[in-house]
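I have placed the structure first, in the form of structure tokens, so that the comments after it can refer back to it.
No lab work stands behind these numbers, since they all come straight from the coordinates. All values derive from a computational prediction rather than experimental measurement. With ideal geometry, Cβ positions are generated from the backbone for all residues, glycine too; neighbour counts draw on all protein chains shown.
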Amino acid sequence: MPNYQAPQRDIQFVMHEVLAMADHYKSVPGGEDMDAPMIDAILEEASKFSENVLAPINASGDAQGCQWNNGVVTTPAGFKEAYAQFVEGGWPSLSHSPDLGGQGLPESLGTMVSELNGTSNWSWSMYSGLSHGAMNTIETHGTEEQKQCYLLPLVEGRWTGTMCLTESHCGTDLGLLRTKAEPQADGCYHITGTKIFISAGEHDMVDNIVHIVLARLPDAPAGTKGISLFIVPKFCIKADGSLGERNQVKCGSLEQKMGIHGNATCVMNFDGAKGYLIGPANKGLNCMFTFMNTARIGTAVQGLCAAEGAFQGALEYAKERLQMRSLAGPVAPEKPADPIIVHPDVRRMLLTAKSFAEGGRMLVYYLAQLNDTITRNSDSDDAKDAEVLLSLLTPIAKAFMTETGVESANLGMQCFGGHGYIREYGMEQIVRDARISTIYEGTTGIQALDLLGRKVLMTQGASLKLFTKKIHLFCQAEIENEAMAEFIKPLAVANKEWGDLTVKLGMAAMKDRNEVGAASVDYLMYAGYVTHAYFYARAAKVAQNALAGDTSETDFYEAKLFTARFFFARLLPRTQAHASAMLAGADTLQGLHEEHFRF
């Protein structure tokens, strides 16, 4: 198995030097006392937990998987004990309000912890990860009584939460869901139906599980306008807050999956289970977006985790594995062959994974920074701009980072040759675990439609202009800096082209709406590369300034510059293929009659 080491120095680079988080926290309620040493102390402790507690049970958890026995689910050996340590350390409560039993620290610190936990053991991290979405949903849309009942044990980690959306016949089209909610005289509802693909739907790590469930009221309108949202606890809660009788919700089976074997992906049967309406009737999908957006950012983190894990595992192997001689002549003449890291193609694979990991880290931590501003300064002008930017960048981060995470996982496995296909090396597990990330919380295609159709074209480009203006201003500020020319010139060109492409697609869509669907995935991938390029240019600027000063970390900053140059030279040019494809027109996809699709 890859020997996971938390990338503390690179996280510090992003937190302190690229995003200036300590300064940011001064303007965030709850973060006023946060400085760089305190951030580093939290990072160090979280790193110890991920390296020493979670990483050792990653492979064993994958091999053992979860066990189902008549509705009872047992997690792999060590998972329950690790979760108890997680709770004892106060990690679930890190970024939640002190009024709810939390520590009140900024939510971006939770994103940092999520990366560490996810890279070391993605399956385990999902048990606690989904609880944050449940908490955010209840806190945003729940009644005071619901908040008092559910939030404290969730924040403390004594309970966990799930998101119950999908049914076998509807998938992404939630307007087709059939789960029913029958009102009762005492004000509760009886929830009846079956939900599938429910991550952490049943397990043995906590006393209670709080399901956030979409269902239909008897008089509900058809389609998405007739969906309501409900809280359905595994155990009913008594008036004094203690657990009562078992609710009529049960795990019918575990999905037999390609990966994430250590996480219980459940079929959940609701057989007249007691549920409680959260938010307005028939507005459940609107309320559920609070949960879904939290989960989408969490899934973007999974893309980062896959890239980082693949890079670390492949790098360690590439330094040790001897095979062939360097084309330029022996590098290790005292050995029978050279380590494979000398070969250009191995370097290409390693640097691609490295680039997507480090670029993704900058992007997702920036989203966390925006989220801090929104949640802690909700009435400010900065918060309004942050909300627009977060809305625009979330589908880019979710889809682009998971697609490139899967690419990185495959490249990491490829570095091992045939050994990468063998379980004992752990690389094929990264591939299997990562593959779901492009599917759940909205597939790449769904995210792309959301980005181009809803976030860009429906706002007439206003949200896009807010972000491209930030890139433009950065380029203008560096236009006279010759040392930055290799980054600024191509970034400025790509940024302008992004706007030009958007106008062309908007014009085409006015004639044929299929143009949006036909272009959307290429548009999103184009956006992802330009967004990464912007952050790499910022990182290059930081590295250049450090090297011009009195730094003792010359190698670190030179590596940062090298990675930025690799991204601009080798990965940013992919935008041109995406640009050509998105302008090829819907007829290249829709022109073939469905009867002519044949085996």
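For the stretch 127-143, backbone phi angles converted through the Karplus equation (6.51, -1.76, 1.60; θ = phi - 60°) give residue-by-residue couplings of 4, 8, x, 6, 4, 5, x, 5, 5, 4, 5, 5, 5, 7, 10, x, 6 Hz, Gly and Pro being listed as x.
Across the stretch 564-569, coupling constants 3J(HN,Hα) worked out from phi with the 6.51/-1.76/1.60 Karplus curve, θ = phi - 60°, read 4, 5, 4, 4, 5, 7 Hz, and Gly and Pro carry x. Scanning residues 5 or more positions from residue 143 or on other chains, those with amide H under 5 Å from its amide H are 279, with H placed 1.01 Å from N in the peptide plane.
Scalar couplings 3J(HN,Hα) for the stretch 159-167, obtained by applying the Karplus form with A = 6.51, B = -1.76, C = 1.60 to θ = phi - 60°, are 10, 10, x, 9, 10, 10, 10, 6, 10 Hz; x denotes Gly and Pro. Residue order for 206, 28, fewest other beta carbons within 10 angstrom first, comes to 28, 206.
Ranked by the mean number of other Cβ atoms within 10 Å of their residues, highest first, the peptides 339-347, 586-594, 486-494, 391-399 fall in the order 391-399, 486-494, 339-347, 586-594. Among (i) 183, 46, 45; (ii) 186, 53, 52; (iii) 79, 61, 59, which one is Cα extents along the principal axes in Å computed from these coordinates? Here the calculated entry is (iii). Normalising the average separation of contacting C-alpha pairs (under 8 angstrom, six or more residues apart) by the number of residues puts the relative contact order of the chain at 12 percent. Taking amide hydrogens as placed 1.01 Å from N in the peptide plane, the amide H of residue 237 sits under 5 Å from those of 244, each at least 5 positions away in sequence or on another chain. Remark: 597, 230 ranked as 597, 230, counting other beta-carbon atoms within 10 Å and listing the fewest first.
Calculate for the chain the 222 nm mean residue ellipticity that helices alone would give, adding -39,500 (n - 2.57) per DSSP H run of length 4 or more and normalising by residue count, nearest 500 deg cm²/dmol. Mean residue ellipticity at 222 nm (helix-derived): -17500 deg cm²/dmol.
Given the pairs 80/319; 147/274; 80/283; 398/496, which span a C-alpha to C-alpha distance of over 27 angstrom in this model? Over 27 Å Cα-Cα: 80/319; 80/283.
Neighbour counting of Cβ atoms within 10 Å sorts the residues 27, 355, fewest neighbours leading, into 27, 355.
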